[in-house]
């Protein structure tokens, strides 16, 4: 076989843009980095520039990049059994299912495997509808649940709009406990009263489930106020509505607990996971199911399935990634660094007038930029990344820091293996770049 000559960075970008379609953007606007390799909290482009990954790519590389323990586990599985039908049983699937049963909150035990987070959420609502016999699903406006037809319609944020042609019937969106234009919604009691009124107006007997991100991810790292999730649990129980916790971004140690619901002593009826399940090394999603719901399908057919459900390579990656989380105490590291990230956030807020709000739970954080702290007008409008935020993003990259910029937010979600020194490095770059945002305040 003849030796293949490596492509230059320019060739990689040109061919990638010419022959492949990039998502969530007009193709003429796509400006991908030609990445060569990654290790720990860093990745390098083809020309050797190093970037500190401050968003774990898409909030999923929880153990860090390039861990050989996971790569070796995938290789061993590939040599032995690279694929088998999901109707079969094999050791890696059995061991992963057993391990997850020890990690899921409360009495959640049985797991349905999927290809990723979107399919996990889609199958969770199928399970809920089949179990309850009801057809409506409640979801929140400031949410993202995936990009399949069902899950993009569950999603409340603007990515839904272009995909509602026609909209999926039976989905009802409700306001989040967040200080937006509705005064008082950040208060748990007000948010719960609004939710209860929606349930009453929709007819509780028609609602199968309420799906929500325990801690909202791409829509702003929205941490529920005290009492909110407990109130949701009580409302769901009172009306026979299933509580589905979407832990695709906030699960597997991101918040300093194995799952965000653990902070609130809450056990959902169904819980979805992906991303951190394999640390994004391979695609895999999961739906954790309460025993009484799982029991329904002992004699009733579950009409769902995927060719690559419980893929052997993905299951091997998940087992290895979970072992890394345990062996390196990365969940504990996220908990230990929670106050360190909070201190950095508060220092930015004290120094920069453009910083209007900061939030974090574990290593799940955001810096919200505003034009004016008195009015709290966002530095970039809702559903817009304006020239100022684009300039902020460009300056971060030029200084070697990669993260997600969304609307007026700078995400701070590094891999859980990050050290305090690496956090310091990342926030020093953010501190430097915020002078650009400060210049736009008034």
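Each reported figure results from applying straightforward, stated rules to the coordinates on display, with no laboratory input. On a predicted model such as this, the values are computed, not experimentally measured, just so you know. Here Cβ is always computed from backbone atoms with ideal geometry, including for glycine, and neighbour counts include all displayed protein chains.
The Kirkwood hydrodynamic radius of the stretch 91-181, based on inverse pair distances between different Cα atoms, is 14.9 Å.
Distance from the Cα centroid of the stretch 1-74 to that of the stretch 333-366 is 28 Å (rounded to whole angstrom).
I need to check one value: relative contact order of the stretch 68-327, counting alpha carbon pairs closer than 8 Å and at least 6 residues apart, in percent. Can you show the working numbers first?
Numbers: 483 pairs, mean separation 76.1, N = 260.
Dividing the mean separation by the residue count of the stretch 68-327 yields 29 percent.
A Stokes-Einstein calculation at 37 °C with viscosity 0.692 mPa s, built on the Kirkwood radius of the stretch 330-442 over Cα pairs, returns a diffusion coefficient of 234 µm²/s. Is the stretch 30-184 best put as rounded, prolate or oblate by its Cα gyration tensor, with a ≥ b ≥ c the root eigenvalues, rounded for a/c under 1.5, and otherwise prolate when a/b is larger than b/c, oblate when not? Since a/c reaches 1.5 but b/c is at least a/b, the shape of the stretch 30-184 is classed as oblate. Just checking the listed ones, 431, 237, 67: in the Gaussian network model of the chain with Cα springs under 10 Å, the one fluctuating most is 237.
Pairs of alpha carbons in the stretch 68-327 separated by more than 34 Å make up 16% of all such pairs. Within the stretch 1-105, the proportion of C-alpha pairs whose separation exceeds 17 Å stands at 72%. Every Cα-Cα pair in the stretch 191-348 was counted, and those over 25 Å apart are 41% of them.
Assuming a ≥ b ≥ c are the square roots of the Cα gyration tensor eigenvalues, decide whether the stretch 1-47 counts as rounded (a/c under 1.5), prolate (otherwise, with a/b larger than b/c) or oblate. Oblate. Contact order, relative form, for the chain: 20 percent (alpha carbon pairs under 8 Å, 6 or more residues apart, mean separation divided by residue count).
Give the shape of the stretch 157-253 as rounded, prolate or oblate, defined through the alpha-carbon gyration tensor: a ≥ b ≥ c are the square roots of its eigenvalues, a/c under 1.5 means rounded, and otherwise the shape is prolate if a/b is larger than b/c and oblate if not.
On the way: a/c = 1.25, a/b = 1.01, b/c = 1.25.
Verdict is rounded for the stretch 157-253.
The stretch 266-317 and the stretch 414-442 have their alpha-carbon centroids 36 Å apart. When shorter helices are ignored and each DSSP H run of at least 4 residues is given -39500 (n - 2.57), the per-residue value for the chain at 222 nm works out to -12000 deg cm²/dmol. Bridge orientation summary for the chain: considering DSSP beta bridges with both residues in this region, about 65 percent are antiparallel.
Please report 280, 28 as a ranked list, fewest other C-beta atoms within 10 angstrom at the top and most at the bottom. Each step should come with its number before you reach the end.
Numbers: 280 22, 28 7.
Ordered by Cβ neighbours within 10 Å, fewest first: 28, 280.
Using the Stokes-Einstein relation with a Kirkwood hydrodynamic radius computed over Cα pairs, the translational diffusion coefficient of the stretch 132-206 at 37 °C and a viscosity of 0.692 mPa s comes to 249 µm²/s.
Which value results for Rg/Rh of the chain when Rg is the Cα radius of gyration and Rh the Kirkwood radius based on the inverse mean 1/r?
Numbers: Rg = 21.8 Å, Rh = 22.7 Å.
Using Cα coordinates only, the ratio equals 0.96.
Sorting 413-425, 187-199 by their mean Cβ neighbour count within 10 Å, with the most densely packed peptide first, gives 413-425, 187-199. Taken as Cα centroids, the stretch 149-163 and the stretch 241-264 sit 22 Å apart, rounded to the nearest whole angstrom.
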